[in-house]
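Structure first, then comments.
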Amino acid sequence: MILRRRGQYAHHDVVGVGGGTVPFGWKVGDDGALIEVPEQQAVIQEIIELRRRGISLRAIAAKVSVVSHVTVRSILANADIGTGRAQQGHGA
């Protein structure tokens, strides 16, 4: 079963298909590279700032009203809190 599964996805390496979900704040360009979405990056910055102030995940989600508290947690996990910028491909 494992060998068959490897064979099924072997073409992904050849054509450059990655796996997983594109993170909030990014989109996939025509060449397959991640590209920032400026409007969503602004929301990420607001989320980071609110969290630095000690606001809860649910309160942040309610304030920005475009994502759930689960997504807020994911955004914060993927963010480089030191620079306040979301990291491309972090955790991949």
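With respect to the conditions (1) part of a loop (DSSP other than H, G, I, E, B); (2) modelled with pLDDT of 95 or more, L50 falls short on a single one, namely (1). Could you list all residues from the stretch 58-73 that are surrounded by fewer than 17 Cβ atoms within 10 Å (Cβ to Cβ) and among the small types (G, A, S)? Hits for the stretch 58-73 are A59, A62, S65, S68.
Based on what the data block shows, is T21 modelled with pLDDT under 95, polar (S, T, N, Q) and part of a helix (DSSP H, G or I)?
Numbers: modelled with pLDDT under 95: yes; polar (S, T, N, Q): yes; part of a helix (DSSP H, G or I): no.
Against the criterion (modelled with pLDDT under 95, polar (S, T, N, Q) and part of a helix (DSSP H, G or I)), T21 does not qualify.
The values are calculated or read from the model by the stated rules, or taken from the named source; none is laboratory data. Since we're looking at a predicted model, the values are computed, not measured. Every residue, glycine as well, gets a Cβ built from its backbone with ideal geometry; the counts of neighbours run over all protein chains shown.
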